[in-house]
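Participant: Below is a structure I'd like to ask you about.
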Amino acid sequence: MARLVLKFGGTSVADIDRIRNVAEHVKREVVAGNEVAVILSAMAGKTNELVEWCSQAAALHDAREYDSVVASGEIVTVGLLAIMLQSMGVNARSWQGWQIPIRTDGNHGAARIKDIDGSRLVERLQAGQVAVVAGFQGIGPDNRVTTLGRGGSDTSAVAVAAAVNADRCDIYTDVDGVYTSDPRIVEHAHRLDKISYEEMLEMASLGAKVLQTRSVELAMVRRVPVLVRSSFDDPHAPQPALDGPFGGPGTLVCDEDEIVEQHIVSGIAYSKDEAKITLRRVADKPGVAATVFGPLAAANINVDMIVQNVSEDGSTTDLTFTVPVADFERAEKVIEEARDKIGYADMAGSTGVVKVSVIGIGMRSHAGVAAQMFSALAERGINIQLISTSEIKISVLIDAAYTELAVRTLHSVYGLDR
Ligand code: ADP
Ligand code: ASP
Ligand code: MG
């Protein structure tokens, strides 16, 4: 017997038939003698529709009211699953975030979970009741509903798993695990049996949206084993034992030590969520970086990649950096407003860029991974605009037109093709 948290994403609960399929997965685990909590997303497309409705109501709207609208998608699916489980003879009850409660900070639209009181859930689980919990939502310090940012149900699931001390958190989605790259664009991508928390964290934050970044961070800190698997697998298929050697379906996100066969590079990710800004002929004096990045930080704009070059005239520098696409126009405005303080000749911005990243724990102990990446891209005539690195990843910013070519090339160069 084990205590499991099962999370089902939007495609897995897209309509009544799919929710019935989810109920079959849940029932299988209950019949096997496990205690089960379920976290659900809204039906596929629902959250987008709700977000759009808020914009149509007013382009600029109160974030508290946005949250009360967009949190509603998950309220529908949890109620429906509870009804279905009951009709199948499974004892079940739905829970909204505030009922547990899942306490968050007050950052509406992108709130962070502060604390979950798991005691009431645990009582119900021990009494044999399935708890069906609305993902993506919580309750803020002002007692109003908050949401955790897009894709946030993954984080709800890991946080609940940590709060009830679950043996494992299963993330059911529309792919059968974590792949070496996005299977939608890399035909030869293959499923990984296991991936370390650290690599998964880099993959997620560098664009692989299969798990929300925050959920991986939380799983790593709270040591929650996460299994990413498909909800389209036969719900009645026999399941591998929890304590045996792992040979089951999906991808296990776990500690590095649990992975016997380590590769130098585990995956390639890409993100079109960045935009590039270049300031030409900035006065080359101490403190100039602070005059540029200070106002951006004050405006809550995250700067990612940065490069500084000596300008053609030799006495000034050019400064290029990236910001989230969503903040691009705001960032340009902030810089323009600080123009006198910074002192630059002109500013150029572009959104037609993509960040492509190579990720692997093996990079810590192997030289030459970056050189291989740069020459492979050069051979295909792909110009690198910016580079950033960490211990276990290398990212480059390139023209978005080359996204597929770059990702597929690197996938093959590092021997990841199936
Ligand atoms: P859900 O609605 O279940 O949360 P998501 O759409 O958020 O599902 O995440 C699953 C999707 O993530 C897949 O359909 C896949 O296209 C995409 N994805 C991107 N990178 C990867 C990767 N490396 N491995 C698996 N899936 C990936
Ligand atoms: N329904 C929310 C979204 O679409 C949360 C989630 O699916 O994880 O972002
Ligand atoms: Mg998701």
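Please treat every number below as a calculation from the coordinates, not as lab data. Computed from a predicted model, the values in this text were never measured in an experiment. All Cβ positions, glycine included, derive from the backbone under ideal geometry; neighbour counts span all protein chains shown.
Participant: If you scale each eigenvalue of the Cα gyration tensor by 5 and take the root, what three semi-axes come out for segment 86-166, rounded to whole angstrom and sorted largest first?
Facilitator: In descending order, the three semi-axes are 23, 12, 11 Å.
Participant: Further, regarding this structure: Just check segment 274-418 against the gyration tensor rule for me: Cα atoms, a ≥ b ≥ c as the square roots of the eigenvalues, rounded for a/c under 1.5, and otherwise prolate or oblate depending on whether a/b exceeds b/c.
Facilitator: Prolate, since a/c reaches 1.5 and a/b exceeds b/c.
Participant: Right, another one. Going by the alpha-carbon gyration tensor, a ≥ b ≥ c the square roots of its eigenvalues, is segment 1-47 rounded (a/c under 1.5) or, if a/c is not under 1.5, prolate (a/b greater than b/c) versus oblate?
Facilitator: oblate
Participant: Just the C-alpha atoms of segment 55-211: what Rg/Rh do they give, with Rh taken as the Kirkwood radius?
Facilitator: When Rh is taken as the Kirkwood radius, the ratio is 1.00.
Participant: Could you list S266, S350 so that the one with the fewest beta carbons within 10 Å of its beta carbon is first and the one with the most is last?
Facilitator: S350, S266
Participant: Scan the chain and note any complete DSSP helix (H) whose C-alpha atoms cover at least 20 Å along its axis and whose Kyte-Doolittle average is -1.0 or more.
Facilitator: Span-like helices, by this rule, are 16-31, 72-87.
Participant: Which percent, to the nearest 5, of DSSP beta bridges fully inside the chain are antiparallel?
Facilitator: Around 60 percent of the beta bridges assigned by DSSP in the chain are antiparallel ones.
Participant: Volume per residue, Å³, of the convex hull around the alpha-carbon atoms of segment 134-202?
Facilitator: Output value, Cα hull per residue: 133 Å³.
Participant: Now for a separate question. Which value in Å is the Kirkwood Rh of segment 147-288 over different Cα pairs?
Facilitator: Answer for segment 147-288: a Kirkwood hydrodynamic radius of 16.7 Å.
Participant: Can I ask one more? For the chain, take the convex hull of the Cα atoms, compute a quarter of its surface area, and give me that in nm², please.
Facilitator: Mean projected area of the Cα convex hull: 22.0 nm².
Participant: Counting only pairs 8 or more residues apart or on different chains, how many lysine pairs in the chain have their Cα atoms under 26 Å apart?
Facilitator: Lysine pairs satisfying the spacing and distance rule in the chain number 29.
Participant: Using +1 at the Cβ of each Lys and Arg and -1 at the Cβ of each Asp and Glu in segment 88-202, identify which of S153, Q96, S196 lies farthest towards the dipole's positive end.
Facilitator: Towards the positive end, the residue furthest out is Q96.
Participant: Would you mind pulling out the separation of the Cα centroids of segment 1-54 and segment 155-207, in Å?
Facilitator: A separation of 16 Å, based on Cα centres.
Participant: Another question about this same structure. Would you please name the GluC sites (Glu not before Pro) within segment 176-212 that are DSSP coil residues with at most 14 other C-beta atoms within 10 Å of their C-beta?
Facilitator: Passing both the DSSP loop test and the Cβ count: E187.
Participant: Which of rounded, prolate or oblate describes segment 1-117 when judged by the alpha-carbon gyration tensor and an a/c cut-off of 1.5?
Facilitator: oblate
Participant: Place a +1 charge on the Cβ of each Lys and Arg in segment 304-397 and a -1 charge on the Cβ of each Asp and Glu, then give the dipole magnitude about the Cα centre in debye, rounded to the nearest 20.
Facilitator: Charge dipole of segment 304-397: 500 debye, to the nearest 20.
Participant: What is the magnitude of the charge dipole of segment 65-138 about its Cα centre, with +1 placed on the Cβ of each Lys and Arg, -1 on the Cβ of each Asp and Glu, and no other charges, expressed in debye to the nearest 20?
Facilitator: My answer is approximately 220 debye.
Participant: For the chain, with a Gaussian network of springs between Cα atoms less than 10 Å apart, report the residue from N34, N48, N165 with the top mean-square fluctuation.
Facilitator: Top of the fluctuation ranking is N48.
Participant: Still on this model: Checking a compactness column here: for segment 240-313, what do you get for Rg(Cα) / (2.2 N^0.38 Å), N being the number of residues?
Facilitator: For segment 240-313, the normalised Cα radius of gyration comes out at 1.99.
Participant: Place a +1 charge on the Cβ of each Lys and Arg in the chain and a -1 charge on the Cβ of each Asp and Glu, then give the dipole magnitude about the Cα centre in debye, rounded to the nearest 20.
Facilitator: 620 debye
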